[in-house]
Amino acid sequence: PNCLSLERHRLIWLYLKEQTNFFSTKLDVLHIAPEPCFMKRFEKQHGEKYITADIESPLAKVKMDIHQIPFPENHFDVVLCNHVLEHVADDIKAMREIHRVLKPGGWAIMQVPFFSPVPETTYEDASITNPREREKVFGQDDHVRMFGRDYAKRIARAGLKPEENEFAKTQSERLGISKNEIIYIGKKQ
């Protein structure tokens with residue numbers, strides 16, 4: 001209750017702890033739209049190699065647009081991008097930028113919301129600009145698309161190898177983690 005985490009944050013924390021080297025190795029990490037519940041702990045682990053970035057948040061170290069990430073190619077081991085891609089003008093371009101800045105062998109966690117019933121294909125319509133209409137169509141007034149079951153294919157279109165990880169199925173109900181949550185990972189070959 002005191003850490004300000006949501007279900008998705010607890011799931012990602014456990015996944016990073018139990019399934020990756022995130023907490024055992026100093027990594028170059030780019031955290032896009034960083035969640036406050038993670039920041040201090042991740043910075044303690046990775047020090048100066050942990051970079052937070054956001055287009056407007058004063059919490060982030062770097063002000064940036066995800067469509068034009070201001071870092072060189074092959075720079076980061078890990079990119080964390082949680083519940084961002086539903087807000088940006090071009091999610092494929094944003095994921096291509098993530099691909100560009102990842103080192104070969106690097107990986108990104110790129111969670112997005114799914115609203116039931118989940119459509120087969122992602123729906124977007126740039127002509128919908130009214131916040132009330134966006135909430136009705138996309139599930140929230142600042143979203144510009146509703147992701148569908150084709151999300152992994154969209155990750156692949158950006159050049160990343162998608163992985164739909166079902167780690168949540170192994171977790172205890174006591175942590176309030178939905179067994180149906182899938183962790184979407186994009187890996188750079």
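What follows is calculated from the coordinates using simple rules that are stated; it is not laboratory data. Given the structure is predicted, the values throughout are model-derived calculations rather than measurements. FYI the Cβ positions are ideal-geometry reconstructions off the backbone, even for glycines, and counts take in every protein chain you see.
Amide hydrogen proximity for Phe76: with H placed 1.01 Å from N in the peptide plane, the residues at 5 or more positions away or on another chain lying under 5 Å are Leu102, Lys103. Springs between Cα atoms under 10 Å define the GNM used for the chain, and in it the highest mean-square fluctuation of Ile55, Ile98, Ile32 occurs at Ile55.
Applied to region 156-168, the Karplus parametrisation 6.51 cos²θ - 1.76 cosθ + 1.60 on θ = phi - 60° returns per-residue 3J(HN,Hα) values of 5, 4, 7, x, 9, 8, x, 9, 9, 8, 9, 3, 4 Hz, with x for Gly and Pro. Under 5 Å from the amide H of Gly106 lie the amide H atoms of Lys188, each residue being 5 or more positions distant or on a separate chain, with H modelled from the backbone and absent for Pro and chain starts. In this simple spin-label approximation, Ser172 and Asp65 carry label points 7 Å from Cα along the Cα→Cβ vector, and these lie 4.6 nm apart. Rounded to the nearest whole Hz, the Karplus-based 3J(HN,Hα) values (6.51 cos²θ - 1.76 cosθ + 1.60, θ = phi - 60°) of region 27-40 follow the sequence 10, 7, 10, 10, 10, 8, 6, x, 7, x, 5, 9, 3, 5, with x at glycine and proline.
Couplings 3J(HN,Hα) for region 48-56, derived from phi with the Karplus relation 6.51 cos²θ - 1.76 cosθ + 1.60 (θ = phi - 60°), are 5, 7, 9, 10, 9, 8, 7, 6, 9 Hz, where x marks Gly and Pro. Mind telling me which of Tyr123, Tyr151, Tyr50 comes out most flexible in a GNM of the chain, alpha-carbon contacts under 10 Å? Between Tyr123, Tyr151, Tyr50, it is Tyr123 that shows the largest mean-square fluctuation.
Our estimate of slack between Gln19 and Arg100, defined as 0.36 nm per intervening residue step minus the Cα-Cα distance, is 26.8 nm.
Here the relative contact order of the chain, from alpha carbon pairs under 8 Å that lie six or more residues apart, stands at 18 percent.
Put a plus charge on the Cβ of each Lys and Arg, a minus charge on the Cβ of each Asp and Glu, and nothing anywhere else: the dipole of the chain about its Cα centre is then about 600 debye. Picking from Leu16, Leu175, Leu30, which is most flexible by a Gaussian network model of the chain using Cα springs under 10 Å? Judging by the Gaussian network model, the answer is Leu175. Within a straight-line Cα-Cα reach of under 26 Å, Lys179 can be paired with the following lysines, leaving aside sequence neighbours fewer than 8 residues apart in one chain: Lys17, Lys153, Lys161, Lys169, Lys187. Working note: Debye formula, equal point scatterers on the alpha-carbon atoms of region 50-189, no solvent; log10 I(q)/I(0) at q = 0.11, 0.20, 0.22 Å⁻¹ is -0.43, -1.29, -1.39.
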